[in-house]
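Have a look at the structure below, then the notes.
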Amino acid sequence: MNGPLTALASKEFRALLPVSAAAAFTIGADPLLRGTGMHSLFPLGMFAYIVGSLALGAHVIGHEFTNRTLASLLVQPCRRSSMLLTKASILAVMLVALGFIARVVLFQSLARTFGNFPRYPTLYLPLIGGFCVAPYLTMRLRSQMAGVVFTATIPGMTYLLALLGGVIIYGTGAAAAEALALAVWMPAMWIVAAAGAVLSARSFMQLQDTDGGREELRLPRWFALTDASPIRPPLWMLAKKELRLQQMTFAMVALYALIWTALTIASRLNPEFGREFPIRGVGLLYFALLPLLMGSLASAQERQFGMLQSQAMLPVPRAQQWAVKAGVVLVLALVLGVVLPWFVFAPPQLSRASFWPLVASIALLTTWSLYISSWCGSGIIALALLLPASAAAMLLARCIDWIVSVLVLPQHSAGAYGVLTQPSVVFTSWVIAATPLAVLLLLFAARNHWTSERKPKTLVVQVAGLASWLLLMDVVATVL
């Protein structure tokens with residue numbers, strides 16, 4: 001019996017290692033790059049810590065759905081309890097290692113920034129959620145991305161509900177309402193974690209392979225529409241297919257609307273809460289996460305469903321299919337990421353001068369995440385790899401700036417890195433530089449999307465092409 005369990009442990013380690021390594025690299029990038037003139041990567045590292053912890057919990061079960069190995073796992077000559085213990089042990093080791101790195105890098109940075117920084121146990125909530133809650137939601141929803149997104153919303157929604165309850169009891173403007181919310185919130189988190197752990201174990205013991213590993217959100221049957229005339233224009237059907245791939249995007253928008261509504265009500269009822277917990281933070285997180293999520297799902301999720309081969313055989317040119325995919329993703333990103341928050345919800349405390357830089361930034365982030373997605377076999381892997389890839393791209397741009405300043409133009413001040421990371425400051429230069437870069441990313445992503453080969457040579461050539469454009473842009477921008 002030790003042989004199958006040893007093989008299972010090895011398989012779990014190999015499956016979780018890419019996600020863990022991606023998060024660890026992103027967290028450790030900030031101290032490694034200090035002194036290079038780069039902006040602080042602390043926000044990116046904190047985001048990687050949270051997403052990486054939850055992604056590990058979702059991936060420990062979700063990769064069985066993605067790789068369609070659930071049926072072979074369930075028929076192994078091992079007890080379910082032994083398999084569960086093996087998976088839980090590997091997950092715990094990965095989470096503890098990630099938590100140790102985050103403690104040394106991120107938490108120490110917070111302690112240096114805030115002299116009286118306390119050791120809040122809330123900083124370890126992502127680890128607890130990844131171990132206890134994310135596996136259950138992944139099994140329940142049959143979606144890794146859903147497990148990550150919905151687990152991430154539990155702490156905030158629990159706190160808001162507790163705060164609203166305190167307002168109902170003590171009235172508006174009372175400090176006792178917030179004190180009650182803080183007193184109730186942490187015990188509620190422990191209850192949620194315990195319930196998630198029990199439900200995760202119970203769900204795994206009763207897990208069955210009922211749909212061959214197809215991963216999607218299930219809507220009630222009464223939401224389904226019957227089409228009396230199934231003949232439709234091919235491009236319109238392709239667009240509908242792209243919208244179906246973005247189920248988690250629509251779920252995230254609905255969650256944002258719910259959180260925004262709760263925050264607005266809480267800030268109106270308790271003005272002190274509105275000043276201490278501004279809606280702007282939630283809005284900025286939404287603007288950053290939405291394009292990354294959409295691009296991650298667009299290409300990798302189609303490959304995960306096994307649809308790529310059938311799509312390649314359709315009587316529609318591949319160029320048109322890719323144009324539909326890229327067009328739907330970019331338009332949807334602008335509608336949901338700019339138009340909807342700006343004109344439907346309350347403006348997220350951004351100036352009017354930031355509108356067009358926000359549009360351009362979301363378009364470039366969506367294109368960048370679509371390119372990373374074209375290299376991956378599942379949406380959750382694409383989302384995890386986006387973080388270290390973004391840190392590596394920033395480092396590459398900074399190195400190009402250094403090369404230009406040292407070897408070519410000694411008076412060089414702001415180049416590729418400065419332009420790409422500060423669109424609101426140099427917006428015209430940013431658009432001139434970023435538009436061809438986005439076109440290159442789309443062309444490279446199209447090439448990667450239609451092939452199953454993942455050759456290092458191809459990656460090197462594409463990175464060299466992107467770096468060449470950044471170098472040219474750097475020199476031209478400096479000379480002009």
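Please calculate the 1.4 Å probe accessible area of Met248, with all protein chains present, and give it to the nearest 10 Å².
Ignoring ligands and nucleic acids, Met248 comes out at about 10 Å².
Counting only the heavy atoms of the protein chains, how much of Cys399 is accessible to a 1.4 Å probe, in Å² to the nearest 10?
For Cys399, solvent-accessible area is about 60 Å².
Would you mind counting up the charge near Gln311? Only other residues with Cβ under 9 Å from its Cβ, with Lys and Arg at +1 and Asp and Glu at -1.
Here the charged neighbours net out to +1.
What pairs from Lys240/Lys325; Lys241/Lys325; Lys11/Lys455 go past 21 Å between their alpha carbons?
Pairs exceeding 21 Å: Lys11/Lys455.
How much of Trp185 can a 1.4 Å solvent probe reach, expressed as accessible area in Å² and rounded to 10?
40 Å²
The values are calculated or read from the model by the stated rules, or taken from the named source; none is laboratory data. Keep in mind that this is a model prediction, so the values were computed, not measured. Neighbour counts are summed over all protein chains in view; Cβ atoms, including those assigned to glycine, are modelled from backbone coordinates with ideal geometry. Each accessible area value is taken on the protein alone, full model and side chains, heavy atoms only, with ligands, DNA and RNA left out. Shrake-Rupley method; radii C 1.70, N 1.55, O 1.52, S 1.80 Å.
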